[in-house]
Amino acid sequence: MDVASELIAWHRDARRRTLELVSDLDDSQVMGPRLEIVNPMRWEVGHVAWFQEYWTLRHARGESPIRTDGDSLYDSFRIPHDTRWDLPLPSMSETLAYAEAIFERVLARLSSNEPNPEEVYFHRLTVFHEDMHDEAFTYTRQTLAYPRPRFVDARVPTGTGRVQGDVEVAGGRFLLGATKDLPFVFDNEKWAHGVDVAPFAIARAPVTNREFAAFVEDGGYLRENLWSAEGWMWKERVSAVHPVYWRRGEGERWERRDFNRWVPLEPDHPVIHVSWYEAEAYGRWAGRRLPTEVEWEMAASTDGEGPSERKRRYPWGDEPPTAEHAHLEGRTSGCVDVGAFPRGDSAVGCRQMIGNVWEWTASDFRPFPGFVVDPYREYSEPWFGTHTVLRGGSWATPARLLRNTWRNFYTRDRRDVFAGFRTCAR
Ligand SMILES: [Fe+2]
């Protein structure tokens, strides 16, 4: 497929997903409550469209905006988060028409001329931006207990059950970060640089609901000595006594809220919707710790032959993710067992490093040496030092977005996102 056709297909795919996530909601649902962790979806749809127009049409091609008030409504860096509910936003149907008008222009430009490398860059940027917002729409639907999105089906993955134990990684010199052969990377991944890593042992699978329930039942949320001072303060502030979407059902059995319904807690699914603090406390209880991001990336990328200049793009090799490798794209409803997708194992034997749940790491989000900001200046730089790195992608993340070097980042208190974790031996 030529570059323009691939970009058109990606834009169409991302937009189809956006519409699937918002079109079944009513007028009050697309505004929703004013919460720090969500955006009003009616605003967010307009923002995705505005961002696409801003980079692919205005910035890359010098065109004029469709709406003269677009910048004052939808520029996420200029519009403070808690004021987004008070803006004179167009109605949902006007917002969708605005998005459609921009989308048609974008496709027309790609159809009429082969894009130059700069244009290609900005088309990809806006597809990936829409992909990230689509994941945000998905977890917003979970946060607000809206119905499960329509795109999920019930296809059964290969492999089920548990995967236990650790793999030993020899350590040594590792090239952390993106190598220059990748077609697109974000500024925060640049560039691969040598880091010395001590030998470590990392779990073959993320921590499961069964394992996390043992921590809860052992008084994990009541024992201050298991928590850092910051973590305990967070826990007290939000009154957490178990993960946010859990409750005790009939016969004291754990249940989990899956969008707008309660389901029995699946013992072999990875624990999801836990904050970094909960992951930290679990680690202390289990005599374990979170991997650093270099350890995580080494376990995912090394060829397994000790220190190597050769890195794998994905845990299983350089082949892009398929439905056999990883649980992505919302192919089934929410998580699957940690034993699923054996074909996606890394060379050292870690399963599901890509897909199912994002994994918290021990590492603060910081620039790599020699960091240079990319044109979308607000993507990484404002968040260095205040956010923590997650790796790997979740069941709701589009495959095209991910690779082993991809760094996600949230503040440590977030438990609305699709995040779990795996541990290392101390
Ligand atoms: Fe955005």
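The values are calculated or read from the model by the stated rules, or taken from the named source; none is laboratory data. Predicted, not measured: the structure shown is a model, and the values here were computed from it. Backbone-built Cβ (ideal geometry, glycine too); neighbour counts: all protein chains shown. The area values use the complete protein model at the heavy-atom level, side chains included, leaving out ligands, DNA and RNA. Shrake-Rupley method; radii C 1.70, N 1.55, O 1.52, S 1.80 Å.
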Per the list (1) within 16 Å of the ligand (Cβ to nearest atom); (2) open to solvent by 40 Å² or more (accessible area, probe 1.4 Å); (3) not hydroxyl-bearing (S, T, Y), residue check on A108 breaks on (1)
Cβ pairs under 9 Å, 6+ apart or interchain, first in the stretch 131-146 and under 12 Å from V48 (Cα atoms), second among the aliphatic types (A, V, I, L, M) and within 12 Å of the ligand (Cβ to nearest atom), ordered by first then second residue, are H133/V45; H133/V48; D134/V48; F137/V45
Note on the stretch 181-196: residues under 23 Å from the mean Cα position of the chain (by Cα), at pLDDT 95 or above and open to solvent by 40 Å² or more (accessible area, probe 1.4 Å) are K190, W191
Q) Among the residues of the stretch 133-146, is there at least one that is surrounded by fewer than 18 Cβ atoms within 10 Å (Cβ to Cβ), away from the ligand (no atom under 16 Å from the Cβ), within 24 Å of R257 (Cβ to Cβ) and not basic (K, R)? A) yes
Filter the stretch 52-65 for residues that are of a type outside the set (D, E, K, R) and surrounded by fewer than 17 Cβ atoms within 10 Å (Cβ to Cβ); the one that is nearest to the ligand (Cβ to nearest atom) is H59
| For the stretch 93-115, does any single residue satisfy the condition of being touching a residue at least 12 places away in the same chain (Cβ under 8 Å), in contact with a Gly (Cβ under 8 Å, 6 or more places away or on another chain), of a type in the set (A, V, I, L, M) and closer than 30 Å to D337 by Cβ? | no
Residue set N404, N408, N356; condition outside any loop (DSSP other than H, G, I, E, B) and within 19 Å of the chain's Cα centre (by Cα); output residue N408
Residue set F368, F418; condition hydrophobic (A, V, I, L, M, F, W, C) and over 30 Å from D268 (Cβ atoms); output residue F368
All conditions in (1) open to solvent by 10 Å² or more (accessible area, probe 1.4 Å); (2) farther than 19 Å from F212 by Cβ are true of D337 except (2)
If we keep only residues of the stretch 31-51 that are part of a loop (DSSP other than H, G, I, E, B) and of a type in the set (D, E, K, R), then the residue farthest from the ligand (Cβ to nearest atom) is R34
Picking from S91, S28, the residue that is among the hydroxyl-bearing types (S, T, Y), open to solvent by 50 Å² or more (accessible area, probe 1.4 Å) and away from the ligand (no atom under 13 Å from the Cβ) would be S28
